[in-house]
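Just below is one structure, and these are the notes that go with it.
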Amino acid sequence: MRIRTLIDKEWNEVFKNKLVLFTVLLLPLVFAVLPLVQLATTRQVNPGELSDAPGNIARLCDLQGLTSAECMQTFLSQSFMLFFFLMPLMIPVTIASYSIVGEKTTRSLEPLLATPTTTAEIIVGKGLAAVIPAMAAGWLSFAVYLIGARFFVVSDRVYAAIASPVWLVGMVLVAPLLTLFSVGAAIVISSRVNDPRAAEQLGALVILPVLAVFIGQIFGVIALNVTSMIVFAGVMLVVDAGMLYLAAKLFQRETILTRWR
Amino acid sequence: MIRTEGLTKTFAVDKRIGKITAVDRLDLDVKAGEVFGFLGPNGAGKTTTVRLLSALIGATSGRAWVNGFEIGKRDQEVRASIGILTEQPGMYDRLSAQKNLMIYARLYGVPNPAGQVEKYLRMLGLWDRRRDPAGSFSKGMKQKLAIARAILHEPKTIFLDEPTAGLDPEAAKLVRDFIEELKTEGRTIFLCTHNLDEADRLCDRIAVFKHRVIKLDTPSRMRTSMFGRTVEIQVRHADEPMLALLKHFDFVKSAEWVDGKIVAQVDDPESGNPALVKALVEAGAEVQFVSELKHSLEDVYLSLINNR
């Protein structure tokens with residue numbers, strides 16, 4: 001009951017902030033539409049246009065006997081897929097930053113901490129208020145992309161690469177773990193920062209691991225498959241445990257009231 | 001309702017400064033229904049004490065009980081049974097006044113949240129503005145809203161930290177009147193304030209505090225014990241021998257001329273004044289006025305703090 005009240009309060013307040021609302025609505029829209037536009041514009045590809053693709057991609061396309069358009073669509077869609085992981089990272093950090101730092105600046109945390117609500121309830125309430133919209137936005141835009149892609153792919157082989165187990169495992173397993181990481185990071189950052197925008201900007205650093213994977217994939221250093229995705233999920237699980245432990249340690253009544261600056 | 005035994009709170013600042021003791025061996029016994037004033041300069045540890053007694057921070061040593069629940073052992077029950085008005089109102093500025101209170105009513109598990117919210121919004125004259133965002137409220141209105149939030153769940157004990165700080169006289173009076181009303185309902189009120197006049201008017205007992213209790217008593221007994229009772233006698237045609245005459249009485253501790261009046265410190269004016277007046281009249285003085293000179297709580301406070 002208290003957790004529900006807290007989530008309700010967070011959403012009521014944080015979504016009155018236009019910047020947060022803009023982030024939560026715009027990101028999923030951009031990340032769903034951009035890859036579809038990219039698919040729509042690569043239906044016709046001359047073989048020469050593939051010369052810029054990394055060697056490993058070109059070799060793979062040759063190996064699988066893909067046409068130029070199939071190869072281009074598969075390569076670009078695989079690269080864009082990682083952007084669906086950005087939403088679970090960016091949306092929670094924005095919501096949690098405005099929620100926690102906002103409460104710090106308006107001094108509304110102390111009256112909240114003075115209620116019989118437990119620290120765990122406050123963390124779970126604030127966490128879920130950030131996680132639920134992020135997951136909803138991530139999954140919704142992914143679903144929109146999967147449905148839309150059906151109309152723009154040049155063949156079933158390209159669609160199979162998009163709706164592959166790799167990305168389904170990623171969205172079901174890795175994305176929620178990324179949101180937890182993001183919430184933990186937001187709490188840690190919020191404990192040291194007094195400006196929601198500064199917290200949000202620092203929080204944006206959470207996208208670095210995904211960007212590293214993105215770049216690694218483009219240059220053929222990282223090959224994403226179900227196994228590597230499960231390994232990534234395992235690593236995130238350990239990182240999340242550490243991050244949430246640190247966040248829970250910082251989010252104690254006495255620490256908030258006497259040490260948070 | 002509030003009892004502490006050697007309650008101490010120490011903070012580790014940094015390596016250079018080391019540790020500071022904000023609250024040092026505090027012993028208090030605040031009775032049910034009492035308005036207890038907690039006076040002290042900035043940085044004296046008043047807010048730390050309120051936070052300790054509200055189970056917001058833990059004590060370094062000592063024990064405390066609020067409404068029968070021991071701090072550190074039954075913190076959730078302590079928090080459920082108290083109301084707290086923090087130094088800053090800390091409202092959710094984007095949410096309406098009504099929504100602000102509804103959230104807290106639910107967090108406190110109030111049985112009829114909507115009804116209770118309406119009751120206090122009406123009582124504090126905010127009902128017509130219930131749909132307005134709290135951020136659009138004046139400081140006084142925000143403070144009233146914060147008071148409503150503190151008592152929504154009908155707590156037995158209420159901690160008020162500087163309830164009238166920064167309010168205009170009209171808003172401050174309204175808040176004071178409301179505290180008086182809470183007092184008549186039998187609630188225990190722990191009032192931290194810098195406003196000595198307010199403490200004098202509202203509090204049954206006061207503690208002057210600077211990390212530890214310097215003095216604890218009723219405001220009037222505190223005055224008497226520190227300054228005694230002083231009588232001011234305005235006479236026409238008085239002369240020096242009259243002062244000597246007064247000093248012969250055992251109950252007169254001192255007597256002097258101040259601005260053409262006799263100012264005498266006496267033990268029991270109710271018993272002694274008739275004898276003083278009679279002696280003066282018999283000595284040829286024409287007594288115009290006899291009144292008791294009251295020391296303000298400010299005199300008491302400043303004397304205690306400065307002499308420490």
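Computed from the coordinates by the stated procedures, all read-outs in this text should not be read as laboratory data. Computed from a predicted structure; not experimentally measured. Here Cβ is always computed from backbone atoms with ideal geometry, including for glycine, and neighbour counts include all displayed protein chains.
Go through A:LEU113, A:TRP167, A:GLY184 and say which Cα lies farthest out towards the positive end of the charge dipole of the stretch A:93-188; charges sit on Cβ, +1 for Lys and Arg, -1 for Asp and Glu.
With unit charges placed on the Cβ atoms, the residue in question is A:TRP167.
Based on alpha-carbon centroids, what's the gap between the stretch B:30-44 and the stretch B:73-91 in Å, whole number please?
16
Counting only other chains, what is the mean number of Cβ atoms within 10 angstrom of the Cβ of each residue in peptide B:52-58?
What the average comes to for B:52-58 is 4.
With unit charges on the beta carbon (Lys/Arg positive, Asp/Glu negative), name the residue among A:ALA248, A:PRO35, A:SER155 whose Cα is farthest towards the positive pole of the charge dipole of chain A.
Going by the charge dipole, the pick is A:ALA248.
Would you calculate the separation in nanometres between label points at A:SER228 and A:GLN44, each defined as 7 Å from the Cα along the Cα-to-beta-carbon direction?
Going by the 7 Å Cα→Cβ label model, 3.4 nm.
Semi-axes of the equivalent ellipsoid of chain A: what are they in whole Å, largest first, if each equals the square root of 5 times a C-alpha gyration tensor eigenvalue?
Square roots of five times the eigenvalues give 40, 17, 15 Å.
Under 5 Å between amide H atoms, partner at least 5 residues away or on a different chain: which partners does B:PHE209 have, H built in plane at 1.01 Å?
B:LEU39, B:GLY40, B:ILE214
For the stretch A:1-115, give the magnitude of the charge dipole about the Cα centre (Cβ charges: +1 Lys/Arg, -1 Asp/Glu; no others), in debye to the nearest 20.
In total the dipole reaches around 480 debye.
Give the angle, between 0 and 90 degrees and rounded to the nearest 10, that separates the Cα long axis of helix B:169-184 from the longest principal axis of the Cα atoms of chain B.
80
Just grab the label-to-label distance for B:ILE305 and A:ARG107, each label 7 Å out from Cα along the Cβ direction, in nm (one decimal).
Placing both labels 7 Å beyond Cα along the Cβ direction yields 1.9 nm.
For the stretch B:229-294, give the magnitude of the charge dipole about the Cα centre (Cβ charges: +1 Lys/Arg, -1 Asp/Glu; no others), in debye to the nearest 20.
So the dipole magnitude of the stretch B:229-294 works out to roughly 60 debye.
Which loop-located trypsin sites (Lys or Arg not before Pro) does the stretch B:117-146 contain, where loop means any DSSP state but H, G, I, E or B and the Cβ has at most 11 other Cβ atoms within 10 Å?
B:ARG131
Which whole number gives the average count of other chain Cβ atoms within 10 Å of the Cβ atoms across peptide A:13-20?
2
Would you mind giving the mean number of other chain beta-carbons within 10 Å of the Cβ of each residue in B:148-159, as a whole number?
Partner-chain Cβ atoms within 10 Å, mean over residues of B:148-159: 1.
Say the cut-off is 27 Å between C-alpha atoms; which of B:LYS46/B:LYS139; B:LYS46/B:LYS119; A:LYS126/B:LYS183 go over it?
B:LYS46/B:LYS119; A:LYS126/B:LYS183
By a straight-distance test (C-alpha under 18 Å), which aspartates and glutamates pair with B:LYS15 as possible cross-link partners, with residues fewer than eight away in the same chain excluded?
B:LYS15 reaches no qualifying aspartates and glutamates.
Distance check, please: which entries in B:LYS73/B:LYS144; B:LYS73/B:LYS210; B:LYS144/B:LYS215; B:LYS73/B:LYS215; A:LYS249/B:LYS73; A:LYS104/B:LYS144 exceed 24 angstrom between their Cα atoms?
Beyond 24 Å: B:LYS73/B:LYS144; B:LYS73/B:LYS210; B:LYS144/B:LYS215; B:LYS73/B:LYS215.
From the square roots a ≥ b ≥ c of the eigenvalues of the alpha-carbon gyration tensor of the protein assembly as shown, which class results: rounded (a/c under 1.5), prolate (a/b over b/c), or oblate?
prolate
Which ³J(HN,Hα) values, rounded to whole Hz and listed in residue order, are derived for the stretch A:102-107 from phi using the Karplus coefficients 6.51, -1.76 and 1.60 in 6.51 cos²θ - 1.76 cosθ + 1.60 with θ = phi - 60°, glycine and proline given as x?
Per-residue couplings from phi come out as x, 5, 5, 6, 8, 6 Hz.
With point charges of +1 on the Cβ of Lys and Arg and -1 on the Cβ of Asp and Glu, referenced to the Cα centre of chain B, which listed residue (B:ALA64, B:ILE158, B:GLN98) lies farthest in the positive direction of the dipole?
B:GLN98
Between B:ASP197 and A:ALA120, what's the calculated FRET efficiency when r is the beta-carbon distance and R0 is 60 Å? Round to 0.05.
E between B:ASP197 and A:ALA120, to the nearest 0.05, is 0.85.
Treat the count of other C-beta atoms within 10 Å as a stand-in for reagent exposure and order B:THR8, A:THR227, A:THR117 from fewest to most.
Ordered from fewest to most neighbouring Cβ atoms within 10 Å, B:THR8, A:THR227, A:THR117 come out as A:THR227, B:THR8, A:THR117.
Roughly speaking, what is the centre-to-centre gap between the stretch B:109-157 and the stretch A:122-171 when only Cα atoms are used, to the nearest Å?
With the stretch B:109-157 and the stretch A:122-171 each reduced to a Cα centre, they are spaced 44 Å.
Report, in debye and to the nearest 20, how large the dipole of chain B comes out about its Cα centre when Lys and Arg carry +1 and Asp and Glu carry -1 on their Cβ.
Here the size comes out at about 1820 debye.
Report the label-to-label distance for B:GLU292 and B:HIS248 in nanometres (one decimal), using points 7 Å from each Cα along the Cα→Cβ vector.
Between B:GLU292 and B:HIS248, the label points sit 2.7 nm apart.
Taking amide H positions as placed 1.01 Å from N in the peptide plane, with prolines and chain starts having none, which residues 5 or more places from B:ILE158, or on another chain, fall under 5 Å of its amide H?
Hits under the 5 Å cutoff: B:GLY83, B:THR188, B:ILE189, B:PHE190.
Under 1.5 on a/c is rounded, so check that first for the stretch B:229-294, then, if it is not, pick prolate when a/b is larger than b/c and oblate when it is not; a ≥ b ≥ c are the square roots of the alpha carbon gyration tensor eigenvalues.
Taking the square roots of the gyration eigenvalues as a ≥ b ≥ c, the stretch B:229-294 is rounded.
Per residue of the stretch A:134-139, in order, report the coupling 6.51 cos²θ - 1.76 cosθ + 1.60 (Karplus, θ = phi - 60°) as ³J(HN,Hα) in whole Hz, putting x for Gly and Pro.
5, 5, 4, 5, x, 5
Give the residues of the stretch B:278-308 whose amide nitrogen is closer than 14 Å to a point set 7 Å from the Cα of B:ARG212 in the direction of its Cβ.
Zone members listed by number: B:308.
So in chain B, what percent of DSSP beta bridges are antiparallel if you round to the nearest 5?
70
Taking R0 as 30 Å, what's the FRET efficiency between A:VAL30 and B:ARG131 from their Cβ-Cβ distance, rounded to 0.05?
0.30
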